[in-house]
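A short write-up of the structure that comes next.
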Amino acid sequence: MNFEDYFKSELEGLKEGGNYRIFADLERQKGKFPTATRYDVDGKSSEVTVWCSNDYLGMGQHPATLDAMKIALERCGAGAGGTRNISGTNHYHVLLEKELADLHAKSSALLLTSGYVANWAALTTLASRIPGCEVFSDTDNHASMIEGIRHSKAPKHLWKHNDVEDLDRKLSDADPAVPKLVAFESVYSMDGDICPLGEILDVCEKHGAMSYLDEVHAVGLYGPRGGGISEQLGLADRVTVIQGTLGKAFGVMGGYIAASSNLVDFVRSFASGFIFSTALPPALAAGATASIQHLKVSDMERMRQRKNVRLLRQKLDAIGLPHMDNESHIVPVMVGDAKKCKFISDLLLENYGVYVQPINYPTVPEGTERLRITPSPLHSEEDIDHLVNALSELWAQCALSRAVA
């Protein structure tokens, strides 16, 4: 087999279908978010406004976050020194885990290197080591959850997205004596829809199933202290495992789980994804701790973000641009064609100084291609007007349909 020819042909197929990803060469500017410097292929630079960042509240630029990281860097140096089990557990890791446990009103928390690793390690460990465990997974779960469940080799049952009745049927059909784990998300990142958490927990409790809730797109953003949808609804105490990230609304990097002391210690003791991974640098842990502490007491960032989300939706409605209706901070503007979606994204960047990545297959189903827009509290009304006007012009250029008022 000619491997190089195979690689080339597969890449050409992506390009032909409009699904080939090209990364924009951007440099975030401290204190200027959501503005960034973009470098083109010739090395020339220009300013762009970022509209697709998962640093949802701009906490990656916040003085509290940066000051804490500088202090930790000066105290501890760059790296953690190894895995947590050998030489890498730092006092900053311990402090962060206490902060996370408190955030979710759980007795314990475990820090991992990313949200992906946290899902993969925790789900693999729980589903594979609990004798006879069967997993019930929402059909729209993130790839990290799917991979963790698959790697566990536990029997898996898919239930229709956010369909509580289907979950109830699936659990009812299972052997009552079998240990069960129900895995789902609070806010789904591509459609921006929010799960019916209370109803799902009712069904889990009815069947004696553990609940595993991915809150990565909700922590920091919802609840009076940023504890996510589970805190906002006052249901965190009923969730068995809450999983989250430090790389989105908290603006830094890392993932975690929060649960009972025994469950967390179980994952800590048996999860290969934790045991054999080098720990996060202390400076990142310090920055995340400061970000969490700030958002526990400050609601300003969340309120400003919600105001900008409402304003953007209103302006899109006014010109008839179709966007998926949901109750979250994620605004999917629906294009429905992979090539046009990429074309619009390219022209937004080249001609308008607007950066928003196209979301195409396999991230979303074919025919549902979109621009996933995430307004932050730091976007101005002028930024919003510029984005909407640019989209309106490109919508006309691509002869895309508009919603009828």
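The values are calculated or read from the model by the stated rules, or taken from the named source; none is laboratory data. Keep in mind that what you see is a predicted model, and the values were worked out from it rather than measured. Because the Cβ atoms are built from the backbone with ideal geometry, glycine has one as well, and the counts that use them run over all protein chains shown. Note: accessible area is taken over every heavy atom of the protein model, side chains too, but ligands, DNA and RNA are not part of it. Shrake-Rupley method; radii C 1.70, N 1.55, O 1.52, S 1.80 Å.
Structural remarks
- In region 190-235, the residues that are open to solvent by less than 10 Å² (accessible area, probe 1.4 Å), assigned to a loop (DSSP other than H, G, I, E, B) and within 22 Å of Leu263 (Cα to Cα): Glu215, Val219, Gly227, Gly228
- Where Ser298 falls short, out of the listed (1) within 30 Å of Leu111 (Cβ to Cβ); (2) touching a residue at least 12 places away in the same chain (Cβ under 8 Å): (2)
- Those residues of region 176-224 which are charged (D, E, K, R) and under 20 Å from the mean Cα position of the chain (by Cα), in sequence order: Glu185, Asp191, Asp193, Asp214, Glu215
- Near pairs, Cβ below 6 angstrom, 6+ apart or cross-chain, from region 377-405 (under 26 Å from Gly251 (Cβ atoms)) to any residue that is small (Gly, Ala, Ser): Leu378/Gly58
- Checking each residue of region 261-281 against the condition of being surrounded by 15 or more Cβ atoms within 10 Å (Cβ to Cβ) and of a type in the set (Asp, Glu) gives no match.
- Within region 316-361, the residues that satisfy the criterion of being aromatic (Phe, Trp, Tyr), open to solvent by 40 Å² or more (accessible area, probe 1.4 Å) and not in a loop (DSSP other than H, G, I, E, B) are Phe343, Tyr352.
- Within region 154-185, the residues that satisfy the criterion of being open to solvent by less than 40 Å² (accessible area, probe 1.4 Å), out of contact with any Pro (no Cβ under 9 Å at 6 or more places or on another chain) and within 16 Å of Leu126 (Cα to Cα) are Ala154, Lys180, Leu181, Val182, Ala183, Phe184.
- Residue in region 376-399 that is on the phi < 0 side of the Ramachandran plot, in contact with a strand residue (DSSP E or B) (Cβ under 8 Å, 6 or more places away or on another chain), part of a loop (DSSP other than H, G, I, E, B) and modelled with pLDDT of 95 or more present: yes
- Yes/no for Glu97 being open to solvent by 20 Å² or more (accessible area, probe 1.4 Å), part of a helix (DSSP H, G or I) and closer than 30 Å to Ala174 by Cα: no
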